[in-house]
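Below is one structure, written out as structure tokens, with a few remarks after it.
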Amino acid sequence: MKIDIIDNFESFQAIRNNWDSVYEVDPQARFFSSWIWLSGMLKRYDEYHENWFILAAKSSTHAPEYVAFFPLKIAIGERKGGELYNVLFIAGVTDSECIGFICLPEYEEEVTSAFAIYLQQQEEWSIFKMQNIQQTDKRLSLFLRNFSRESFEIKELHHTNDNLDRIDNNIVPYIPLPDNWDRYLQNVLSSNTRQK
């Protein structure tokens, strides 16, 4: 698996068709991993001079097209003593569901391993924060399994609102929806609700 870095908006625009084709067949792709959503976020990052990049995985059997994309950004954090450090985030996650990465389903295990190995070899970051993640995410489990427990500490962070109602803001509620609107109306809503 070959990993390329896309770190400017022009290059991101050039891969739109490839991105869209991967997005369309990835069963884990969500709106927040769409090219249109991410393009807006990346433009905003550029406006505020925030560092972002996309890991683009290419398989030798699928060349020249990319088979997976992992959007990331780096921010600067500060410890209590004033020491600065780099934090790696998944790009596009603000108040959205964690998007992780998108990939062609047949390459999921190979890509997951390649992305994890690549990130471990980089020295630009000391903390990798992955926010708003669904706990049942198989891809996340595959990804984290590639990080050595001896070299990396993996811990779950809780963002509970202590001032008001003690709600855990890490919980991302969702409901599975049918493939189309008519099926939703027919199978999920009662005839009385549909009528109203």
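Judged by the mean number of other Cβ atoms found within 10 Å, the most tightly packed of the peptides 146-152, 55-61 leads the ranking 55-61, 146-152. One entry in (i) -0.32, -0.91, -1.25, -1.48; (ii) -0.41, -1.04, -1.27, -1.38; (iii) -0.27, -0.84, -1.22, -1.44 is log10 I(q)/I(0) by the Debye sum over Cα atoms at q = 0.08, 0.14, 0.17, 0.19 Å⁻¹ calculated from the shown coordinates; its label is (i).
What the chain shows is 64 Å² of accessible area per residue, with the surface traced by a 1.4 Å probe over protein heavy atoms. Keeping the other protein chains in place, figure out the carbon and sulfur percent of the accessible area of the chain, with a 1.4 Å probe. Carbon with sulfur: 48 percent of the solvent-accessible area. With contacts taken as Cα pairs under 8 Å and at least 6 residues apart, the chain reaches a relative contact order of 18 percent. All distinct Cα pairs of the stretch 1-80 go into the 1/r average, and the inverse of that average, the Kirkwood radius, is 13.5 Å. For ARG183 and ASN17, the difference between the fully extended length at 0.36 nm per residue and the C-alpha to C-alpha distance is 56.8 nm. Our summary gives the stretch 18-115 a relative contact order of 31 percent, counting only alpha carbon pairs under 8 angstrom and 6 or more residues apart. Determine which aspartates and glutamates satisfy two conditions relative to LYS138: a Cα distance under 16 Å, and not lying fewer than 8 residues away in the same chain. Straight-distance partners of LYS138: ASP26, GLU97, GLU106, GLU108, GLU109, GLU110. Pairs with C-alpha atoms separated by more than 20 Å, drawn from the list LYS80/LYS129; LYS43/LYS73; LYS2/LYS129; LYS2/LYS43, are LYS2/LYS129; LYS2/LYS43.
Every helix of 4 or more DSSP H residues in the chain counts as -39500 (n - 2.57), and over all residues that averages to -9000 deg cm²/dmol at 222 nm. Just to confirm a number: summing +1 for Lys and Arg and -1 for Asp and Glu over residues other than GLU156 whose beta-carbon lies under 12 angstrom from that of GLU156, what do you get? Residues close to GLU156 contribute a combined charge of 0.
The values are calculated or read from the model by the stated rules, or taken from the named source; none is laboratory data. Small disclaimer: the values here were computed from a predicted structure and weren't measured. With ideal geometry, Cβ positions are generated from the backbone for all residues, glycine too; neighbour counts draw on all protein chains shown. Remember, those area values only see protein heavy atoms, side chains included, never the ligands or the DNA or RNA. Shrake-Rupley method; radii C 1.70, N 1.55, O 1.52, S 1.80 Å.
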